[in-house]
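One structure below.
The values are calculated or read from the model by the stated rules, or taken from the named source; none is laboratory data. Quantities reported herein were computed from a predicted structural model and do not represent experimental measurements. Quick reminder, even Gly has a Cβ in these numbers, built from the backbone with ideal geometry, and neighbours come from all protein chains shown. The accessibility values were calculated without ligands, DNA or RNA, using every heavy atom of the protein model including side chains. Shrake-Rupley method; radii C 1.70, N 1.55, O 1.52, S 1.80 Å.
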Amino acid sequence: MNLTEKEQELNRIITEHGRVAVAFSSGVDSTLLLKICADTLGKENVIAITACSLAFPEREQNESIVFCKSEGIRQIKFNINQLEIPGFCSNPPDRCYICKKAIFTEICRIAEEQNCDCVFEGSNLDDDSDYRPGMRAIKELGVISPLRQAELTKAEIRKLSAKLNLKTAQKPSLACLATRLEYGDTITEDKLKMIDKAEQMLINLGFNQVRVRMHGKTARIEVEKSQMQAVLDNKDEINETLKSYGFDYITLDLNGYIQGSMNKAIGK
């Protein structure tokens, strides 16, 4: 299918349902999905449900609030302490499954309470190419992935977002902060805060797609290859600031930003 056909298929999938709840993180995918649902079904038939936790930067929660208010879409937020989810802190390879099962169980409960026909989430076709144990939880709970069903890729979602003048069209991809830790490395509040502050510092310096992977007390910085020189240009400030956050060693990954780079260890 070409993009026009995929857009039509997405609208068809959405219109099969009368009243929907959208799991909304304010990321590229869920923002497009929420916008099209509101435009297609009417704002009165759409609810955005946002999980607030330590594992997602506060700026993302704030952006979700701003978007829903600007679009006139009702939003329900709930707090979840992922560190209290049994099995999460030990950080096993299926951590994402454990986490998503808990989060989406609550989202489904809220959706049912609000008399929604179903729950939508924003996975896309490209997610099939990475290790995504969380998708098992999505399937088990009967959550629908309209973008994925319409076979939309990330690049196509960005094109549709630009067509709708969404600010997220060029927004960097985001993932749970726990993905910055090696599998088996215990997840703690302090580690998540270290990572969050380190990435926010780099974002404030002007870096777009950035990850700070944690290996013990070593920070492994991933940025787009085109921005590597900028890291070196700011090396003293980056080194000093990240060490003040608790890191002992600061490194730059010469491979650049790679989605899900910690998943390479799964095969070992």
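What is the number of the single condition among (1) more than 20 Å from Cys176 (Cβ to Cβ); (2) under 24 Å from the mean Cα position of the chain (by Cα) that Ile203 does not meet? All conditions pass for Ile203, except number (1).
Could you give me the residue pairs with C-beta distances under 7 Å whose first residue belongs to the range 141-152 and is on the phi > 0 side of the Ramachandran plot, whose second residue is surrounded by 18 or more Cβ atoms within 10 Å (Cβ to Cβ) and modelled with pLDDT of 95 or more wherever it lies, and which are 6+ apart or on separate chains? Pairs found: Glu151/Lys6. Here are some residues: Asn208, Asn255. Which one is farther than 20 Å from Lys193 by Cβ, surrounded by fewer than 18 Cβ atoms within 10 Å (Cβ to Cβ), polar (S, T, N, Q) and in contact with a Ser or Thr (Cβ under 8 Å, 6 or more places away or on another chain)? Matching residue, one of Asn208, Asn255: Asn255. Number of residues in the range 239-252 that are open to solvent by less than 40 Å² (accessible area, probe 1.4 Å) and within 21 Å of Leu174 (Cα to Cα) equals 1. A count restricted to the range 214-245 and to residues that are basic (Lys, Arg) and under 24 Å from the mean Cα position of the chain (by Cα) stands at 2. Any residue that is out of contact with any Ser or Thr (no Cβ under 8 Å at 6 or more places or on another chain), of a type in the set (Gly, Ala, Ser), in contact (Cβ under 8 Å) with a residue 60 or more places away in the chain and assigned to a helix (DSSP H, G or I) - is there at least one of those in the range 123-134? So far as the range 123-134 goes, no, none of its residues is out of contact with any Ser or Thr (no Cβ under 8 Å at 6 or more places or on another chain), of a type in the set (Gly, Ala, Ser), in contact (Cβ under 8 Å) with a residue 60 or more places away in the chain and assigned to a helix (DSSP H, G or I). Does the range 149-159 contain at least one residue that is crowded, with 21+ Cβ neighbours inside 10 Å, among the hydrophobic types (A, V, I, L, M, F, W, C) and part of a loop (DSSP other than H, G, I, E, B)? So far as the range 149-159 goes, yes, one or more of its residues are crowded, with 21+ Cβ neighbours inside 10 Å, among the hydrophobic types (A, V, I, L, M, F, W, C) and part of a loop (DSSP other than H, G, I, E, B).
Checked against (1) in contact (Cβ under 8 Å) with a residue 40 or more places away in the chain; (2) open to solvent by less than 50 Å² (accessible area, probe 1.4 Å), Ile138 passes all but condition (1).
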